[in-house]
Each structure stands twice: as C-alpha cells, then as structure tokens.
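The numbers here are math on the coordinates, done by the rules we state, and not lab data. Just so we're clear, the structure is a prediction, and the values are computed from it rather than from any experiment. Note: ideal-geometry Cβ built from the backbone for every residue, glycine included; neighbour counts use all protein chains shown.
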Amino acid sequence: MAGTVHVIDHPLVQHKLSLMRSRETSTSTFRNLLREISMLLAYEVCRDMATTLIDIHTPIAPMKAPVLDGKKIVLVSILRAGTGILQGMLDILPSARVGHIGLYRDPKTLAPVEYYYKVPESMGERDVIVVDPMLATGNSAVAAIDRIKASGPRSIKFVCLLTCPEGLATFHAAHPDIAVYTAAVDERLNEKSYIVPGLGDAGDRLFGTK
Ligand code: URA
C-alpha cells in the first residue's frame with residue numbers, strides 16, 4: 001500500500017515557507033513564521049476530524065452546534081524542533097493534550113535511540129498528530145511512530161514542514177498506513193542528511209544555537 005502524502009500548497013503556507021527557507025531570516029522571524037505556518041498546517045490536518053453536536057443557545061435561538069473533542073487530540077512533538085510546530089498547533093487546538101518523544105542518533109549505529117517519552121493516559125481513545133519540522137532520513141519519525149503505535153491510539157497523522165523522497169520512502173515502507181502532511185516535498189537529501197534545498201537545521205534556526 002502506497003502511503004498518503006498531503007502537500008499543503010496554499011499560497012499563504014508557501015509564502016511563509018519561502019521566508020523561512022531564506023538564510024537571511026533571523027531566529028525570531030523564523031520562530032514566528034513556524035508558529036504561524038503551523039496554525040495553517042493544523043487547519044488542514046483537522047479537515048476530516050469528527051465533530052459531535054452539542055446543545056447551545058445563541059442570542060436568538062437554541063441549536064445543536066458541531067464541536068471538535070479537543071481532549072481526544074494529542075499533539076506529540078519530536079524533540080527538539082517539534083516544539084516550534086507544537087506551539088502554533090496549540091494556538092488553534094488549545095484543548096489538545098501534548099506528548100513528547102526525545103530521540104538521538106547513536107553515533108556508531110546511526111540508529112535512533114529514545115531518551116524521553118511521555119504521552120497522556122488513555123491513548124486508546126485519542127487521535128494523535130505527531131509533529132517534527134523535517135522528515136529527512138525518516139529514521140526518527142519511524143521510531144516515534146513505532147513507539148506511539150504501541151500505545152494503541154485511535155488514529156495517527158504525521159505533520160512536517162518539509163520532506164524529501166528518501167524520507168517519505170523510508171517512512172511509508174515502515175508505516176504505509178500513516179498519512180503525512182507537509183508544506184513541500186523537496187528535491188533530495190545530501191550526504192550529511194540535510195534536505196536540499198531545505199532550510200538548514202530547523203532546531204538551530206528555531207533556537208538560535210548556531
Ligand atoms: N533536520 C534538519 O533540521 N534539517 C534538515 O535538512 C534535515 C534534518
């Protein structure tokens with residue numbers, strides 16, 4: 001089964017992404033743009049979410065009004081760059097629960113090693129949105145989804161800002177059932193596993209660590 005990839009090609013998303021890509025963009029502008037673009041990504045990711053009807057009274061009349069069950073949504077951020085997307089998504093999904101997963105790459109085997117994992121209780125009744133700006137080699141995304149699947153959530157989606165054919169192939173070879181939402185699929189990975197043309201190191205640009 002080929003995995004689903006949703007490329008969010010809305011002009012607002014593409015405009016903000018172009019500003020983020022530019023090496024002239026400062027840390028604070030990059031951070032603000034990531035927050036803004038993440039709201040727009042969240043808007044698309046929630047497009048097919050179920051709503052339930054609740055009874056309310058408008059100033060004019062009673063009605064049954066559709067609402068999302070925000071407490072069922074769990075945003076899982078892959079540390080550390082996932083934090084930037086998390087912030088924007090929480091701006092428009094304020095009742096969402098939050099999980100974190102920390103992975104580093106073993107320098108010898110290059111395999112992802114988990115150093116932190118915390119998600120809400122009762123995952124079986126929740127819809128998970130995993131966030132990480134860059135789906136590059138795909139290795140940490142695969143490891144994160146392996147771990148989250150083991151908690152048995154109702155559904156999982158993966159959201160990134162940028163990806164590339166290599167990352168998508170690795171991701172969907174392991175998890176063909178998980179849809180990926182992204183603002184762009186770039187050309188390729190380079191020899192240092194950076195996305196080309198990409199935007200550089202998302203964590204460093206977000207936190208100003210380089
Ligand atoms: N991680 C990043 O931050 N940037 C890339 O290009 C690839 C992985």
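Just need the relative contact order of segment 150-210 here, percent rounded to a whole number, with Cα pairs under 8 Å and 6+ apart.
On the way: 61 pairs, mean separation 18.4, N = 61.
Once normalised by length, the contact order is 30 percent.
Which values of log₁₀ I(q)/I(0), to two decimal places, follow from the Debye formula for segment 1-51 at q = 0.16, 0.24, 0.29, 0.32 Å⁻¹ with a uniform point scatterer at every Cα?
Here the Debye-derived log intensity ratios amount to -0.55, -0.91, -1.11, -1.21.
Projected onto the charge dipole of segment 63-206 (+1 at Lys/Arg Cβ, -1 at Asp/Glu Cβ, origin at the Cα centre), which of LEU161, ILE101, ALA136 gives the Cα projection farthest towards the positive end?
ILE101
Provide Rg and Dmax in Å for the chain, with only Cα atoms included in the calculation.
Every Cα atom of the chain included, Rg and Dmax give 17.6, 67 Å.
Would you mind calculating the relative contact order of segment 27-122 from Cα pairs under 8 angstrom and at least 6 residues apart, reporting the percent as a whole number? Mind showing how you got there, number by number?
Numbers: 131 pairs, mean separation 23.0, N = 96.
Normalised by residue count, the contact order of segment 27-122 is 24 percent.
What's log10 of I(q)/I(0) for segment 83-142 at q = 0.16, 0.19 Å⁻¹, Debye sum over Cα points only, no solvent?
Computed log10 I(q)/I(0) values: -0.63, -0.84.
Can you run the Rg to Rh ratio on segment 120-210? Use alpha carbon positions and the Kirkwood inverse-distance Rh. Don't jump to the answer; show the numbers that get you there.
Values: Rg = 13.8 Å, Rh = 13.8 Å.
Computed over Cα atoms, the ratio is 1.01.
Just want to confirm a number: the relative contact order over segment 82-210, from Cα pairs under 8 angstrom separated by 6+ residues, in percent.
Working: 193 pairs, mean separation 25.3, N = 129.
Relative contact order comes out at 20 percent.
Once you charge only the Cβ atoms, +1 for Lys and Arg and -1 for Asp and Glu, what is the size of the charge dipole of segment 20-108 about its Cα centre, to the nearest 20 debye? Don't skip to the answer; put the middle values down first.
Numbers: 12 positive and 8 negative charges, 80 e Å.
In total the dipole reaches around 380 debye.
Scan segment 128-166 for trypsin sites (Lys or Arg not before Pro) in coil per DSSP, keeping those whose Cβ has at most 13 other Cβ atoms within 10 Å, and list them by number. Spell out each step's value before the answer.
Details: sites: ARG147, LYS149, ARG154, LYS157; in loops: ARG154.
When the trypsin sites (Lys or Arg not before Pro) of segment 128-166 are filtered for loop state and at most 13 Cβ neighbours within 10 Å, ARG154 remain.
Helix-only estimate, please: 222 nm mean residue ellipticity of the chain, summing -39500 (n - 2.57) across DSSP H runs of length 4 or more and dividing by its residues, to the nearest 500.
Values: 6 runs with 68 residues, N = 210.
Calculated from helices alone, the mean residue ellipticity at 222 nm is -10000 deg cm²/dmol.
Over all distinct alpha-carbon pairs, what is the Kirkwood Rh of segment 25-96 in angstrom?
Working: mean 1/r = 0.0715 Å⁻¹.
Averaging 1/r across every pair of different Cα atoms and inverting gives 14.0 Å.
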